[in-house]
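Read the structure below first, then the notes.
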Amino acid sequence: MQFLYPLFLAALATLAIPVIIHLFYFRRYKKVLFTNVRFLKEIKEESSIRSRLKNLLILLCRLLAVLFLVFAFAQPFIKRDENVKKGQKLISIFVDNSYSMASLSQDAPLLEEAKRKAKELVNAYDLEDRFQIISHDLVPGSNV
């Protein structure tokens, strides 16, 4: 895999920002004194395990989001073979045959000019290429 803009990969250093925020994010808890604290210790241990897991999942999501953004800007691609493969191509040509094409250009109707340009396009390709000519009729096999 190669990158179109490999200098954007230097932005991977920004992955350290969520880690630093995660490591130095200390919550200040207020101590509340109760008469029976031993019952609250069990609840605190269970909730601390859940909150630790939740915080790690949030950190992982933030890291992945930054990583995907950096890769998106670097634009990875898979390099194909250098040789261009010859063969049959499929080409679609749209010829507008709406009522507005009935107006005249310099010397002929615009529709006739569009047909002439479509024929020029067809002649520019090889004999083994296949064409699909589409118009506003939306009927398969209609003549333009």
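The values are calculated or read from the model by the stated rules, or taken from the named source; none is laboratory data. These figures come from a predicted structure and were not determined experimentally. Cβ sites come from the backbone with ideal geometry, for glycine too, and all protein chains shown count toward neighbours.
For the stretch 108-139, the set of residues classified as assigned to a strand (DSSP E or B) and either of a type in the set (A, V, I, L, M, F, W, C) or farther than 28 Å from residue 88 by Cα (or both) consists of 109, 131, 133, 134, listed by residue number. Would the stretch 76-84 turn up any residue that is at pLDDT below 80, outside the structural domain of residue 123 (by TED's automatic domain parsing) and aliphatic (A, V, I, L, M)? Checking the stretch 76-84: at least one residue is at pLDDT below 80, outside the structural domain of residue 123 (by TED's automatic domain parsing) and aliphatic (A, V, I, L, M). Of everything in the stretch 92-107 that is over 12 Å from residue 136 (Cβ atoms) and outside any helix (DSSP H, G or I), the residue that is modelled with the lowest pLDDT is 105.
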